[in-house]
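Okay, so here's the structure we're looking at.
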Amino acid sequence: MERPRLFLTIFIIVAFMTPIVAVSINETKVVVTNLVRYKPKVLIKLDIHIPREGKGKCFVLVRRFSSMLNPTYDGYTEKVYVGVHRPGTVVEVEKVLNAYVVKSFEYISYGGGTKTYHYYEPQEFFVALLCKNGNTTTLKWGKVVEVYPNKIIYRKDIYPSKQSPKQTNERDNVITPSSSSNQLHCTFTQKEYKQGAYRRGSCVTFVRGPWLYSTWSAKTRYGITAEWPLSAVYIGAFGDFDAGPAVKPESQVDWMGIGKKLVASSATTSTSPLAGPYKDRLYFDVKYTYEWSRECSFSSFGCYSYWLIYPGLFSLYGVHRSGAGAIDGILNETTMYSPPTVCQHSCSLITRNQSVTIFFHDDNEFTSSYTPYHGDVPIVSTRIVFDMYKVWSSELEVYFYKSIRDDTLYTTPFVEIVNNGTSNIYWWYESGDPSYLTVRLCCGMTRPH
């Protein structure tokens, strides 16, 4: 009589301890490697809160994009987690990565002591949630989630919304191209393919960016650098996913915007100069990556597929002015610019016969709640027809985001200003915010207030 009871007791203890041990293994690994300073690690925990409104069963997919210091095996996204859960569940997903400090801050705490904050290499994940009640989809959501770990064990809560982010009209204040603009195309060249299993490809296109301003007696250029740290910007990515006994084929993809994705420069280059009181629209030369994959024999859902279109990590190839005539299919957006007579925000002086190079750094004072990474708002868009030859074709609205990355790995684009005149020139960040990636100018004989 005692033996079955003993076995039952041991079974219960093991059943309750197993998930604790599973979690503790990664935490212990990270703590020990940092203590002994041998290949230190960082543990990222994503807590995905599945809404209770979803009905039936919910499919959760997490994939990680390649990063500079933690590259994926083949440069494409890597699988982190796949699972099926009930609505209302909090799904904890863990990923252990090499810990590289990319930015540090010291500040004086309230107690008078000095405290140092370290930021480890940020990571980008594609997180997807699909809830189905029978054959009816009750909730679908997907997003690129950027994580900025400032601890060796870092937790981020993710709250999927009831509705998927819309592919178009995501923000009412986004500047969209004129209806008279010529259409841009990006046809993917197939790189890898296995029938019924996966396909990968890439294509190059132009993405609309911010304005470049000039003024009387000035010449300005906009540039990117591939020297350390690399210039980087954020532009839109797209995705779709399906799960069930019979997932839809690759050709029935239904793209939706999944937010911003980092893209870094692989070239050091700048635009042709803009002279006089004008402004001109900038366009970035970007390579996009396409991924489609199908996997079966997966739990009670049977199969799942995912589709992704995103800018590759080192795929920012150039920057151009619309008025320079170097891009086919782009209208000339050069227009007259009437500079204000005084600075509209805190400004800096450029004296006669002086030239300056301006990066978009944030000089705000650091506090314990400060983050060196900013912005998640699209400010301008481009309509581009993406297509995988004879498989699918879709016109998508690609957003350029008001966002910057500024650490030891990446920096921003830059603006070069040359004052060739007899008057002083003053410059400031658009709206006083460097994350707009735009510099405004005015000129005068005395410093404005």
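Residues that are part of a strand (DSSP E or B) and crowded, with 18+ Cβ neighbours inside 10 Å within segment 318-335 comprise G318, V319, H320, R321, listed in sequence order. The residue that is farthest from the chain's Cα centre (by Cα), counting only those in segment 303-340 that are among the small types (G, A, S) and within 30 Å of A197 (Cα to Cα), is S305.
Residues of segment 215-246 that are over 30 Å from T334 (Cα atoms) and not hydrophobic (A, V, I, L, M, F, W, C): P229, G239, D240, D242, G244, P245. Test Y213 against the criterion of being crowded, with 20+ Cβ neighbours inside 10 Å and closer than 18 Å to V286 by Cβ, and give yes or no. Against the criterion (crowded, with 20+ Cβ neighbours inside 10 Å and closer than 18 Å to V286 by Cβ), Y213 does not qualify. Contact annotation: residue pairs with Cβ atoms under 6 Å, 6 or more positions apart or on different chains, pairing a residue in segment 136-152 that is within 20 Å of D240 (Cβ to Cβ) with a partner that is of a type in the set (K, R), are T138/K55; V144/K261.
None of P273, P311 is farther than 25 Å from D387 by Cβ and not acidic (D, E) except P273. Number of residues in segment 75-96 that are closer than 12 Å to L129 by Cα and either small (G, A, S) or out of contact with any strand residue (DSSP E or B) (no Cβ under 8 Å at 6 or more places or on another chain) (or both): the value is 1.
Results for (1) aliphatic (A, V, I, L, M); (2) modelled with pLDDT under 90; (3) in a loop (DSSP other than H, G, I, E, B), shown as yes or no for each residue.
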position: L6; (1), (2), (3): yes, yes, no
position: T18; (1), (2), (3): no, yes, no
position: V21; (1), (2), (3): yes, yes, no
position: S24; (1), (2), (3): no, yes, no
position: V30; (1), (2), (3): yes, yes, no
position: I44; (1), (2), (3): yes, no, no
position: R52; (1), (2), (3): no, yes, yes
position: F59; (1), (2), (3): no, no, no
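Within segment 424-440, residues that are touching a residue at least 60 places away in the same chain (Cβ under 8 Å) sit with their Cβ atoms under 6 Å from residues that are polar (S, T, N, Q), at 6+ positions apart or across chains, in these pairs: N424/T351; I425/N419; W427/S348; E430/T438; S435/S403.
The single residue among L274, L282 that is under 20 Å from V398 (Cα atoms) and either buried (at least 21 other Cβ atoms within 10 Å of the Cβ) or free of Cβ contacts under 8 Å to residues at least 24 places away in the same chain (or both) turns out to be L282.
Being among the hydroxyl-bearing types (S, T, Y) and modelled with pLDDT of 85 or more holds for only one residue in S338, S369, and it is S338. Exactly one residue out of P434, P413, P448 is modelled with pLDDT under 90 and either buried (at least 21 other Cβ atoms within 10 Å of the Cβ) or farther than 25 Å from P378 by Cβ (or both), and it is P448. Taking the condition of being surrounded by fewer than 13 Cβ atoms within 10 Å (Cβ to Cβ) and in contact with a helix residue (DSSP H, G or I) (Cβ under 9 Å, 6 or more places away or on another chain), how many residues in segment 336-360 meet it? Total meeting the criteria: 2.
The values are calculated or read from the model by the stated rules, or taken from the named source; none is laboratory data. These numbers come from a predicted model, not from an experiment. No Cβ is skipped: glycine too gets one built from the backbone with ideal geometry, and neighbour counts run over all protein chains shown.
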